[in-house]
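A quick write-up on the structure given underneath.
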Amino acid sequence: MIAAATFIGGGGPTTHAQTVQHLTVPLFHAPSTFLGYPDVTSFLQAWLPIVFMGVLVIAVLALIRFMPRTRPEQIKPESAPSIGWADIAGSDEAKEELREVVDYLRDPQRFRDIGAKVPKGILLHGPPGTGKTLLAKAVAHESGATFFSQSAASFVEMFVGVGAARIRHLFKAARKKSPAIVFIDELDAVGGHRGFDVSGERDQTLNQLLVEMDGFTARKEVVVIAASNLLEKLDPALLRPGRFDRQIFVSPPDVAGRERIFHVHSRNKPLADDVDLKLLARQTSGLTGADIANICNEAAIVAARRSAGQVHMCDFDAALERVVAGVQSRKTMTDHEKRVVAYHEAGHALCGELLPSVDRVHRISIVPRGRALGYTLNLPEEDRYLKTREELIDFMTMLLGGRAAEQLVFGSITTGASDDLKRVADIARAMVHEYAMGTGSGSLRAIDDGAAEATRRVRDVEVRELADEAYRAHRRAVGGRRHRGQPGTAAPARAQVSCPGCSCPPSTTSAWPSSR
């Protein structure tokens, strides 16, 4: 307390008691303060936003500090994967295209003398499992150049600019090690159409990739190889010449390619004499190299499970059923359900024998596998890529054969034909909307966008007429061949089939008479 003299009235000095009274009264009536603010609420209103912003900045810095850092995986020539051209089968066209790049990287002067330049980019596209990444590994092994591999998904982050910086770092490292190969897997993760990204990170990353591939920066002997399953999703600026000069479609192998793939994946497995790789190649129509590799591995697992010294044909059959139809289920069905499934699959098989354009029936099973209670496996005599209208109608007839057999034998239908009906609907819709094989507009491909209501109604009627035509064809073909006894009272002759020298249990097949 500071002592101060106070003069009252005539200006005479005050006493000590008066001084204390005048000094203490104002102090007791002064308002309370908190660190210079009137109250605690005012203090919090002033400092809480500042504290919150500081905590937010620290959190962002910690997130950037501990974020996983993805660097391009450099594969040196001496440590490259031991996958050569001999390990790849069924993709002869893609191998020939990539061999030119390998020859250029091995001896660039031979191409420079004649004025040739190496392609700046090669895009491998096709269905999953056809061997696009495997081809890139073979290029890394055969070329002897430094190989950089990175997934396109690792470029995209939540912060704008991170992906573009990683692109710059990748190409900077590749230029220092030229001649080099940069492989970007799953390019569609970053190379999609621009203008649809909300954050802008993906578009900025793609712009940096476009500049690095064909911009003002001088590129040395750096070849970009990319793989994608969705070519239609990629941005047009990425596909033009000067960036990806070559676009190689890696298609599923044909029957000769599948046989060579079987040889590649079974050369380290002891095969028995009864294994027919040519028959297996015919049985796996439409499957990719990854599927065939899985079948060979599953066959070896089945043989090892029963302690066999060799892999037999029955092991490949079990592996094929597992890959195509699914794992054998332990569902318990009633006797009536078993008879319904048996006649259902027999309806499919009978149509396969009666219709000349349908693939030959190879195997019928009423053992539940996966979601299916039974299946019929048809084998094509050869790979075909074109189908006529009559062949598609016959195929739909075979698909509807199971439901028609149920109605013909038992007088009712079940839910077992759900997958068949879905496939029939897809085929009939494609015939009308994509192939112009309906009853009306036979020379115009249907376009749903902007079509009139009456036009869509006519097309729906055409789709229904195609499915009904296939159903009536099956009733006419099978109606006169129905077994005269009651359902389940008679069974066709059955034959026991076993593998010579194999300890697996013999399989039972039905000796259905063939009309061919």
Just to be sure, is V302 at pLDDT 90 or above, farther than 21 Å from R369 by Cβ and buried (at least 17 other Cβ atoms within 10 Å of the Cβ)?
no
Cross-chain or 6+ apart pairs with Cβ under 7 Å, the range 277-288 first and among the small types (G, A, S), then in a helix (DSSP H, G or I) and crowded, with 20+ Cβ neighbours inside 10 Å
A281/R258; A281/E259; A281/F262
Among E345, E337, E353, the single one that is of a type in the set (D, E), closer than 30 Å to N297 by Cα and part of a helix (DSSP H, G or I) is E345
From E337, E353, E345, residue being of a type in the set (D, E) and surrounded by 21 or more Cβ atoms within 10 Å (Cβ to Cβ):
E345
Note on the range 209-229: residues farther than 22 Å from I248 by Cα and either at pLDDT below 85 or crowded, with 18+ Cβ neighbours inside 10 Å (or both) are G215, F216, T217, A218, R219, K220
Would you confirm whether any residue within the range 325-333 is in a helix (DSSP H, G or I) and either loosely packed, with under 14 Cβ neighbours inside 10 Å or among the aromatic types (F, W, Y) (or both)?
no
Small (G, A, S), at pLDDT below 85 and either over 22 Å from Q204 (Cα atoms) or in contact with a helix residue (DSSP H, G or I) (Cβ under 6 Å, 6 or more places away or on another chain) (or both), is that true of A138?
no
Those residues of the range 138-169 which are buried (at least 23 other Cβ atoms within 10 Å of the Cβ) and under 17 Å from D214 (Cα atoms), in sequence order
I167
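Okay, residues lined up against (1) within 22 Å of E221 (Cα to Cα); (2) of a type in the set (K, R); (3) crowded, with 19+ Cβ neighbours inside 10 Å; (4) at pLDDT below 90:
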| site | (1), (2), (3), (4) |
| --- | --- |
| K233 | no, yes, no, yes |
| G242 | yes, no, no, yes |
| F249 | no, no, no, no |
| P253 | no, no, yes, no |
| R258 | no, yes, yes, no |
| F262 | no, no, yes, no |
| H265 | no, no, yes, no |
| P270 | no, no, no, no |
| D273 | no, no, no, no |
If you check A237, A227, A290, which single one turns out to be among the hydrophobic types (A, V, I, L, M, F, W, C) and assigned to a strand (DSSP E or B)?
A227
Set K132, K177, K172: member being surrounded by fewer than 22 Cβ atoms within 10 Å (Cβ to Cβ), at pLDDT 85 or above and not acidic (D, E)
K172
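The values are calculated or read from the model by the stated rules, or taken from the named source; none is laboratory data. Given the structure is predicted, the values throughout are model-derived calculations rather than measurements. Quick reminder, even Gly has a Cβ in these numbers, built from the backbone with ideal geometry, and neighbours come from all protein chains shown.
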